[in-house]
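> First the structure, then my questions, so here it is.
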Number of protein chains: 4
Amino acid sequence: MPCRVAILGASGYTGSELLRCLLLRRSVADDIEIVALTSSRRAGCQLSEVLPQFSGAGLPALSLWEDVDWGAVDVAFCALPHGTTQEVIAKLWRHEGLKIVDLSADFRLHDLAMYERWYGKAHATPALQPHACYGLSEWNKDRIAKSRLIANPGCYATACQLSLLPVADRVELGTVFMSAASGVSGAGRSLREDLLYCEMNENFRPYATGGHRHIAEIEQGLRWRLKELDKLEADGKVSSVSFVPHLLPLDRGIMVTLSAKMLGGESVDGLRRVMTEAYRGSVFVEVLGEGEVPSLKRVRGTNNCLLAVCEDRRDGWVVIFSAIDNLMKGAGGQALQNMNIVLGMEEETGFGGGALLP
Amino acid sequence: MPCRVAILGASGYTGSELLRCLLLRRSVADDIEIVALTSSRRAGCQLSEVLPQFSGAGLPALSLWEDVDWGAVDVAFCALPHGTTQEVIAKLWRHEGLKIVDLSADFRLHDLAMYERWYGKAHATPALQPHACYGLSEWNKDRIAKSRLIANPGCYATACQLSLLPVADRVELGTVFMSAASGVSGAGRSLREDLLYCEMNENFRPYATGGHRHIAEIEQGLRWRLKELDKLEADGKVSSVSFVPHLLPLDRGIMVTLSAKMLGGESVDGLRRVMTEAYRGSVFVEVLGEGEVPSLKRVRGTNNCLLAVCEDRRDGWVVIFSAIDNLMKGAGGQALQNMNIVLGMEEETGFGGGALLP
Amino acid sequence: MPCRVAILGASGYTGSELLRCLLLRRSVADDIEIVALTSSRRAGCQLSEVLPQFSGAGLPALSLWEDVDWGAVDVAFCALPHGTTQEVIAKLWRHEGLKIVDLSADFRLHDLAMYERWYGKAHATPALQPHACYGLSEWNKDRIAKSRLIANPGCYATACQLSLLPVADRVELGTVFMSAASGVSGAGRSLREDLLYCEMNENFRPYATGGHRHIAEIEQGLRWRLKELDKLEADGKVSSVSFVPHLLPLDRGIMVTLSAKMLGGESVDGLRRVMTEAYRGSVFVEVLGEGEVPSLKRVRGTNNCLLAVCEDRRDGWVVIFSAIDNLMKGAGGQALQNMNIVLGMEEETGFGGGALLP
Amino acid sequence: MPCRVAILGASGYTGSELLRCLLLRRSVADDIEIVALTSSRRAGCQLSEVLPQFSGAGLPALSLWEDVDWGAVDVAFCALPHGTTQEVIAKLWRHEGLKIVDLSADFRLHDLAMYERWYGKAHATPALQPHACYGLSEWNKDRIAKSRLIANPGCYATACQLSLLPVADRVELGTVFMSAASGVSGAGRSLREDLLYCEMNENFRPYATGGHRHIAEIEQGLRWRLKELDKLEADGKVSSVSFVPHLLPLDRGIMVTLSAKMLGGESVDGLRRVMTEAYRGSVFVEVLGEGEVPSLKRVRGTNNCLLAVCEDRRDGWVVIFSAIDNLMKGAGGQALQNMNIVLGMEEETGFGGGALLP
C-alpha cells in the first residue's frame, strides 16, 4: 500500500519544491500517494490556481489543515511559517500513526531557552520538544529512523554543519568564520521590497550581520558532536562561531566558505581524508579531490552537498567550501530523504535527476 | 533486457541534457543501459572530467565513435554539429538493428535543394535522406514508430510548428509573423564573444534577421500539413512565413509570439477549440484556457509545450503563444520522446519531474 | 540664476532615475538647483533613508507636496502614480511661472472619452487637459517649447511611436503588429508577487494581452501624424494596431519588434531612408545601417533610441526594431530632454555618459 | 589647452569603461581631448566597429601604438594585458612630457623577486620599476601627484586595501580572512568556456584557491603601511593574510567580507571611528554608520568604495565589508582619479552620475 502523504503549506517555495520531488517520485514508483495539501488562505482552490505548473498533476484541492482526516495520513510534511507550527503539530501529534517532518524552525532547538532567545518568544509546546529529532540526515540517521517528529534543519545550518561537524575536534572553533551566500529563494515568497526583481538583480549584499538564527542550530550541532567525541568541556560550553550570510542574484543555491585554524598536528590533506571518511557511504554528500572546488550550478535541483577542503595561504589554517541547493538538501530534498529514512527505505529512493545544467 | 543506448557528442549542451534525462530514467526504470558516449576531442577521458556534474554516475568513458561496437547498441542519439553528421550516420546506418535519433539539422529537410540552399552545401548522403523521418512527435508518431532514422526537429521549429500546424488551414499564411525569443543555451557551448556572460547578461537582441534556418523546417511542415488536409495549391507552393528570433538573458526556454489574420469565418475561440482538439491525448502539449498565457519558467526542465490562443485588437486577427524548454522539447526531451515511440513505449516513460521553480 | 527644480514622488524608480540624471547634470553645470522632493508616505525623512545611493548628495528632505513653496519653483517633475496626478497638477497650475513635466499617464490622452475608456474613470480636470502638450520630444518640439504642462509619454508608447510615426503613411496600418519586451523596472517598485526576484528571474512572459494602455497613446499619435500629412480619412478613423508586451528578466530596456506590410511602391531601403531623414538632426535617435540591429545593453543608461529597418522574408513586408532604456528615453531622460526644450536649452544638455557596458 | 589623452588597448572591458568615463567628462568640461586609441589586432578600424556603443562619439580611428605621436600626448592610459606592458611603457617613458597610468599589473610590485614569483617570469624592465608609483589614490596621493608612471592597483587589491590599511595596526594580521566576490567583468573579455553566459548565469563559485595574484599587492600595502606607522618588525616580515575570490553572476562589482581578530584594547566602534577618520575628506570612500551594510548595486557605475565595520559574534573579532565597482574604482575610475591627481585637478572632476539603479 502506498504511503499516504500530506503537505501543510504547499504554496510556498519550500512546500512546492517538496511537492515537485514527490511528483517526480510518484511518476517513478507507486509507493507514494498525495492525499492532502493545505493552505489557510486558499483552502477550496486547486493548487494549480496559485501555482499553474501543477496543473494536470492530479492533486487534491487545497484544504484547511483542520479539515484533513489525519488518521488516514502516514507522513505529514509541515512547511508552515516559523512560530505558527508548534500548535499545529501539537494537534497532529495525537495521531499516533502519523510521522511528521517539520520544515519550519519550530522544533530544531532542543534548549527551550535558546529557542526563546533566538526566536523572541517562549516555545508554545515545551512538552513536545523533547520528542523532536533534529533531521540532519547524515549525522542523525538512527534517531531519525525511530522518530515520529523530525525537525528538518535550516538551509544554512545544513551546509555549515555538513562541512564543520567532521572536523569539529580538529580546528580551533573560536577561529571558525563562515561567509555564506544564498540564492533569493532562501527568503521565501515574501512580499518584501528588497526581494523585488529590480532590487536583487545585479546585486549582492550581506545581511543579518547582527546574528542569523541558523547560528543556534550550528552551535547546537557542534555541542552535540563534541559530546559524542567526549571532547566537550566540563561546563558544556562551546566557542562561538562566526557566520555572515549574503544574498546572491540567483534563484537557488548556498555556498559556505569556511576559514579556520587547525589544531596542532592537523593538516589540510588530513582533514580532507577525515571528511572523505565521514561521508563514505553517503549517497548525497561528496568530498571533492584536491584542486577541485564546488559551484552552485552543479548542485541545482539535486539533494547533493559538495565539499572541498583546500589550502590556506597561512600555515596551519584551512579553507572549506560547502555547496547545496537551499530548496533541496536545504529544505524539501532533505525532508524527503528523512521520510525515506523514517519509512525504512533506501535514502536515495525517488531522487534521480542530476543538476539542471545549464 | 534493457535498451542499450549511445550518445554521440555527449559534452555539448544538447548531449548532456539528453544524458541528464536518461540518467533520471535509469534511476527510475531498468529499461535503459548507457553503453557508449563519444567525443572526438576528449576520447579516453571520463565525461566527468569535462562535466563534473556527471561524476559518480557510473558512465562509460568517452570514446571515438569509430571505436564503438555499434552492433551492440540499440539506440544512438547523435548530438554532433550540423554538417558533420551525415557521413557518421551513413556508417551507423549499416547496422540494421540500430535506431538513430539525430539531433542535428542534417536530415531534417527532405528536399535536397532546400537543404543546400539553407545550409550552403550539398547533402553528403542524398541516398539516405529519404529514409529519415521528421521527428515532430505529436504530428508524425506513426512514421516515427516505424523509422530507423529520426531527424529530431530544431528548437524554434518545434515551438513554431506546434502552434501553427493545427491552424495552418485557418489563417492567411502570408500574414503569419512569429517573433521568437530563446535562452542562450540555444546557441550551444560555442566560444563566441557575443555569448560571453557580460555580453548577454542584462541584454536582449534580435539576430539572424536575414533568415534563420529553422524557417525551412517550418515551411516544410506547413506544406506537409496542407497536403494532408488536401489544401495545397496545385503548384505545391506555400506562402512564406516570417520568423524573427531574439536572444534572451536566461539559460533555457523559447517563447514564440505569433500574429496572423484568420481566414473568413474563423474566430479566436474557434481556433482555441481546434488547437485543444488537436492535442487531446497529447501528454506533453497543453492548450491553456482563455485568459491564461504561458511563461518560460513554467516549462523549464520539462518536455512540455504550453500554447495559448488570444484575442488581437484587430478584428479577424489572432495572437498565439508557444512556450517550450529549448533543451528539452526543443532537443533532448523530444529525442527521448521519440525513442519511446520507436521502442513502442508510453511517450512519457522516464519523464517525471515538473518545472524547476523557482 | 539656476533653474529651481522639484520632483513629486522622488522615491519610485522613475523619480529616482530622473534625480540621478539631474545630479549628473548638476555636477557638470550650475544651471540646476534641486529645491524640493516630495513623498506622501515619507515626508520628513531624508531621501537617502529610503534610497541610500543618494546619501551625501546634498538634497532637501522629503516633504509633502502641499508644503512646497511652488512660487519659488521653476520646473516641477511629477512622478506620481496614474490617477492621483490630475488634482495635484490642477493646484500647481495656478502658479503661472511653473513649468510642469508630468511622467504619469494622466494628461497624455487628449480625447477625454478615450481616457475614460482606457483608465476606467472620468478625467478629474477636463478643463486642464487641453493645456497639456504630449511630450514626444522629437515629434512635438515646437509645442513643447511653448507649453506649461508637458505629458511625458509612456515607455512603450515612446519606443513604438519613434519607430512607427515616420512610416505611418507608408505601411498598411491594419497589418502592424508590435511584439514588445520590457525590463522589470517598467512595472515600477510595486509590491507584487509576480515581480519578486524568484518569479521573474530566468523567466519571460507576455502580459496585458487584453490590451495595454499605451496603445491609446500610439493610436493617438498615428491619428495626429496622418492628419499632419493630410492623409486622415474623412471620418477621422485610424486602423487599430496590435501591441503585445512581454516582461524580460533584466532591469531596464524596451525592445519593440514591429512587423508591417508596406504600401504598394514602398521598399525596405526606402523606408530606412525615410526613417533616417526623419531623425536627421536628432541627437538621441539613431537609425542603424543595413545589416545592423540594436541591443538593449547598448542603450542602457542612455537617452538614446536605436532603430533598425530590416527585410522580411515576405515580399512587401518590413521588420522594424526600436530599442530604448525604459527609465531614460521611456521616462526620466525624456522628461529632462523636455525640460531642456522648455527652457530653450540644447536638448542634450546634461546628458553625457554612454551606455553602461558591460 | 585641453589635456591630450590616449588609451592603449581601448577595446577590452577596462579600456572601454575608461573611455566611457572620459567621454562623460568631455561632455561636461573642455579639458580633455582624446587623441589616440590603440589596438594591435584592429588598427585601422573605428572603435565603433568593435564596440558599437561608441558610434557617433567622434573618436580617432584605432591605430598601432607604435604609430602614435607620443610627443603630442599628455596622458597615456595603458590597458594592455599583463606581461605585454613593460616593454611598451619602456618606449613611452622616453617621452618626458608624458604621464602614464598603467592599468595592468606590470608595475604594481616594487619587489622584483615578488613580481617574478607571482607572475612567473622576470621583470622585463627592472630599471623602470623604481619609477613606478602605486596608484591607490587615497593612500598615495602625494607621490602620485609627482609621478610620471602610475601603477593602477588591481580591483580586488583596491577593495581589500581600502578596508584593511586603516586598521592594519589594530588587528592580528595573521587572523585576517578575506572572502571576496566579483562580477564576471573582472575576468575581462576573454574567450573562455567558463565565462560563457550559460556557465556563469545562476552560478557562484570560488576560484584561484591556490593563491590569487592580488595578494601580493595587498601584502605589499600592509608592509608599506606598517612601516609608515613604524610598526614593522625588524626583519621586515608581515604575516600572510588569506584571500579567497569567488565569481558572482552579475556584470560588475566586488564585495570583500573581511574577518579579523582585533588586538587587545581595540573595539568595533573604535575601529569604525579610525576608519571614518582615515577617509575624512575623501570624496569617493564612505564609511557607513552602525547597522548599515553596503550592496553592490549601490556602487555600480560609480568610483565609490563603501565600507562597513560590524560586530562579530566572537568577542574581540570584527567583520568589515568593502564594496566597489571593479571596472570603476577597481580599474578605469581610479585611473581617471589618478589622472586628476597628476594633473593637479580636484579628484572628483568629471565624475558625476550616481549609481545606476535599478
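The values are calculated or read from the model by the stated rules, or taken from the named source; none is laboratory data. From a predicted model like this one, the values you see are computed outputs, not experimental measurements. Note that each Cβ is placed from the backbone with ideal geometry, even for glycine, and that neighbours are counted across all protein chains shown.
> Are any of the residues in segment C:130-144 part of a loop (DSSP other than H, G, I, E, B) and either within 14 Å of another protein chain (Cβ to nearest Cβ) or within 28 Å of residue C:287 (Cβ to Cβ) (or both)? Even if it seems obvious, please write down each step before you answer.
First, the residues of segment C:130-144 that are part of a loop (DSSP other than H, G, I, E, B): C:135-136.
Subsequent filtering for residues that are either within 14 Å of another protein chain (Cβ to nearest Cβ) or within 28 Å of residue C:287 (Cβ to Cβ) (or both) retains C:135-136.
Yes, segment C:130-144 has at least one match.
> Can you confirm whether residue D:247 is in contact with a strand residue (DSSP E or B) (Cβ under 8 Å, 6 or more places away or on another chain) and within 13 Å of chain A (Cβ to nearest Cβ)?
Details: in contact with a strand residue (DSSP E or B) (Cβ under 8 Å, 6 or more places away or on another chain): yes; within 13 Å of chain A (Cβ to nearest Cβ): yes.
Against the criterion (in contact with a strand residue (DSSP E or B) (Cβ under 8 Å, 6 or more places away or on another chain) and within 13 Å of chain A (Cβ to nearest Cβ)), residue D:247 qualifies.
> To continue, here is another question. Among the residues that make up segment A:155-163, is at least one of them away from every other protein chain (no Cβ under 13 Å), at pLDDT 95 or above, buried (at least 21 other Cβ atoms within 10 Å of the Cβ) and in a loop (DSSP other than H, G, I, E, B)?
The answer is no; no qualifying residue exists.
> Something else now. Any chance segment C:231-240 includes a residue that's in contact (Cβ under 8 Å) with a residue 60 or more places away in the chain, of a type outside the set (Val, Ile, Thr) and either within 17 Å of residue C:207 (Cβ to Cβ) or outside the structural domain of residue C:301 (by TED's automatic domain parsing) (or both)?
Start the filter on segment C:231-240 by keeping residues that are in contact (Cβ under 8 Å) with a residue 60 or more places away in the chain, which leaves C:231, C:238-240.
With of a type outside the set (Val, Ile, Thr) added as a condition, the list becomes C:231, C:239-240.
Now narrow it down to the ones that are either within 17 Å of residue C:207 (Cβ to Cβ) or outside the structural domain of residue C:301 (by TED's automatic domain parsing) (or both): none.
Among the residues of segment C:231-240, not one is in contact (Cβ under 8 Å) with a residue 60 or more places away in the chain, of a type outside the set (Val, Ile, Thr) and either within 17 Å of residue C:207 (Cβ to Cβ) or outside the structural domain of residue C:301 (by TED's automatic domain parsing) (or both), which makes the answer no.
> A further question on this structure: Looking at A:54, A:77, which one is more than 12 Å from residue A:11 (Cα to Cα), buried (at least 19 other Cβ atoms within 10 Å of the Cβ), in contact (Cβ under 8 Å) with a residue 12 or more places away in the chain and not assigned by TED's automatic domain parsing to the domain that holds residue A:190?
Just one listed residue meets the conditions, A:77.
> Turning to a different aspect of this structure: Would you check which residues across segment C:70-91 are farther than 16 Å from residue C:121 by Cβ and charged (D, E, K, R) and list them?
C:74, C:91, listed by residue number.
> Shifting gears a bit: For segment A:89-121: of the residues being of a type in the set (Ser, Thr, Tyr) and buried (at least 20 other Cβ atoms within 10 Å of the Cβ), which is farthest from residue A:149 (Cα to Cα)? Reasoning before the result, please.
Of segment A:89-121, the ones of a type in the set (Ser, Thr, Tyr) are A:104, A:115, A:119.
Next, only the ones that are buried (at least 20 other Cβ atoms within 10 Å of the Cβ) stay: A:104, A:115.
On the way: A:104: 12, A:115: 17 Å.
That would be A:115.
> Here is a check on your reading of the model: is residue D:227 within 12 Å of another protein chain (Cβ to nearest Cβ), over 20 Å from the mean Cα position of the chain (by Cα), of a type in the set (Lys, Arg) and not in a loop (DSSP other than H, G, I, E, B)?
On the way: within 12 Å of another protein chain (Cβ to nearest Cβ): no; over 20 Å from the mean Cα position of the chain (by Cα): yes; of a type in the set (Lys, Arg): yes; not in a loop (DSSP other than H, G, I, E, B): yes.
Against the criterion (within 12 Å of another protein chain (Cβ to nearest Cβ), over 20 Å from the mean Cα position of the chain (by Cα), of a type in the set (Lys, Arg) and not in a loop (DSSP other than H, G, I, E, B)), residue D:227 does not qualify.
> Provide a single number: the residues in segment B:17-38 that are modelled with pLDDT under 95 and hydroxyl-bearing (Ser, Thr, Tyr).
Residues that pass the stated criteria total 1.
> Now for a different question. Might you check whether a residue that is of a type in the set (D, E, K, R) and without any contact (Cβ under 8 Å) to a residue 40 or more places away in the chain occurs anywhere in segment B:8-24?
Within segment B:8-24, the subset of a type in the set (D, E, K, R) is B:17, B:20.
Those left that are additionally without any contact (Cβ under 8 Å) to a residue 40 or more places away in the chain: none.
Within segment B:8-24, none of the residues are of a type in the set (D, E, K, R) and without any contact (Cβ under 8 Å) to a residue 40 or more places away in the chain.
> Can you name the strands (runs of 3 or more DSSP E) wholly within segment B:250-358 that have at least 3 residues being polar (S, T, N, Q)?
Fully inside segment B:250-358 and qualifying: nothing.
> Can residue A:180 be described as surrounded by 22 or more Cβ atoms within 10 Å (Cβ to Cβ) and either in a helix (DSSP H, G or I) or at pLDDT 95 or above (or both)? Give the derivation first.
Values: surrounded by 22 or more Cβ atoms within 10 Å (Cβ to Cβ): yes; either in a helix (DSSP H, G or I) or at pLDDT 95 or above (or both): yes.
So residue A:180 fits the description; yes.
> In addition: For segment D:283-295, enumerate the residues that are of a type outside the set (Gly, Ala, Ser), closer than 26 Å to residue A:174 by Cβ and surrounded by fewer than 18 Cβ atoms within 10 Å (Cβ to Cβ).
Our first condition is that a residue be of a type outside the set (Gly, Ala, Ser); within segment D:283-295, this holds for D:283-288, D:290, D:292-294.
Subsequent filtering for residues that are closer than 26 Å to residue A:174 by Cβ retains D:290, D:293.
Across segment D:283-295, the qualifying residue is only D:290.
> Of the residues that sit in segment C:200-237 and are at pLDDT below 95 and among the hydrophobic types (A, V, I, L, M, F, W, C), which one is farthest from residue C:304 (Cα to Cα)?
C:234
> Right, something else. Could you list all residues from segment C:317-350 that are within 22 Å of residue C:288 (Cβ to Cβ), surrounded by fewer than 24 Cβ atoms within 10 Å (Cβ to Cβ) and not β-branched (Val, Ile, Thr)?
Selection gives C:317, C:347, C:348.
> Let me ask another. Within segment D:183-223, can you find the residues that are part of a helix (DSSP H, G or I) and free of Cβ contacts under 8 Å to residues at least 12 places away in the same chain? Reasoning before the result, please.
To start, the set of residues in segment D:183-223 that are part of a helix (DSSP H, G or I) comprises D:184-187, D:193-195, D:197-200, D:214-223.
Listed by number, the residues that qualify are D:193, D:194, D:195, D:197, D:198, D:199.
> Considering each residue of segment B:200-220, count those that are of a type in the set (D, E, K, R) and at the interface with chain C (Cβ under 7 Å from one of its Cβ atoms), and give that number.
Summing the residues that are of a type in the set (D, E, K, R) and at the interface with chain C (Cβ under 7 Å from one of its Cβ atoms) in segment B:200-220 gives 2.
> Looking at this structure, is residue D:211 out of contact with any helix residue (DSSP H, G or I) (no Cβ under 9 Å at 6 or more places or on another chain), surrounded by fewer than 24 Cβ atoms within 10 Å (Cβ to Cβ) and of a type outside the set (A, V, I, L, M, F, W, C)?
Numbers: out of contact with any helix residue (DSSP H, G or I) (no Cβ under 9 Å at 6 or more places or on another chain): no; surrounded by fewer than 24 Cβ atoms within 10 Å (Cβ to Cβ): yes; of a type outside the set (A, V, I, L, M, F, W, C): yes.
Considered against the rule, which asks whether it is out of contact with any helix residue (DSSP H, G or I) (no Cβ under 9 Å at 6 or more places or on another chain), surrounded by fewer than 24 Cβ atoms within 10 Å (Cβ to Cβ) and of a type outside the set (A, V, I, L, M, F, W, C), residue D:211 comes out as no.
> When you check residue A:233 against the structure, is it part of a helix (DSSP H, G or I) and either within 9 Å of chain D (Cβ to nearest Cβ) or over 25 Å from residue D:242 (Cβ atoms) (or both), yes or no?
no
> Determine which single condition residue A:46 fails, assuming it passes every other condition in (1) farther than 26 Å from residue B:293 by Cβ; (2) surrounded by 16 or more Cβ atoms within 10 Å (Cβ to Cβ); (3) modelled with pLDDT of 95 or more.
Here residue A:46 clears every test but (1).
> Another question, then. Any idea how many residues of segment C:250-285 are hydrophobic (A, V, I, L, M, F, W, C) and within 12 Å of another protein chain (Cβ to nearest Cβ)? Spell out how you get there, then give the answer.
Within segment C:250-285, the subset hydrophobic (A, V, I, L, M, F, W, C) is C:250, C:254-256, C:258, C:260, C:262-263, C:268, C:271, C:274-275, C:278, C:283-285.
Still in the running and within 12 Å of another protein chain (Cβ to nearest Cβ): C:250, C:254-256, C:258, C:260, C:268, C:283-285.
The number of residues fulfilling the criteria is 10.
> Moving on. Considering (1) closer than 20 Å to residue A:28 by Cα; (2) more than 10 Å from chain A (Cβ to nearest Cβ); (3) at pLDDT 95 or above, say which one residue B:309 fails and leave the rest.
If we test residue B:309 against (1) closer than 20 Å to residue A:28 by Cα; (2) more than 10 Å from chain A (Cβ to nearest Cβ); (3) at pLDDT 95 or above, just (1) comes out false.
> Then there is this: Give me the residue from segment D:238-282 that is surrounded by fewer than 20 Cβ atoms within 10 Å (Cβ to Cβ) and at pLDDT below 95 and, out of that set, farthest from residue A:315 (Cα to Cα).
D:281
> Could you say whether any residue in segment B:128-144 is under 26 Å from residue B:295 (Cβ atoms), surrounded by 23 or more Cβ atoms within 10 Å (Cβ to Cβ), at pLDDT 95 or above and outside the structural domain of residue B:243 (by TED's automatic domain parsing)? Full working, then the answer.
Within segment B:128-144, the subset under 26 Å from residue B:295 (Cβ atoms) is B:136-139.
Still in the running and surrounded by 23 or more Cβ atoms within 10 Å (Cβ to Cβ): B:136-137.
Now drop any that are not at pLDDT 95 or above, which leaves B:136-137.
Applying the additional criterion that residues be outside the structural domain of residue B:243 (by TED's automatic domain parsing) yields B:136-137.
There is at least one residue in segment B:128-144 that is under 26 Å from residue B:295 (Cβ atoms), surrounded by 23 or more Cβ atoms within 10 Å (Cβ to Cβ), at pLDDT 95 or above and outside the structural domain of residue B:243 (by TED's automatic domain parsing).
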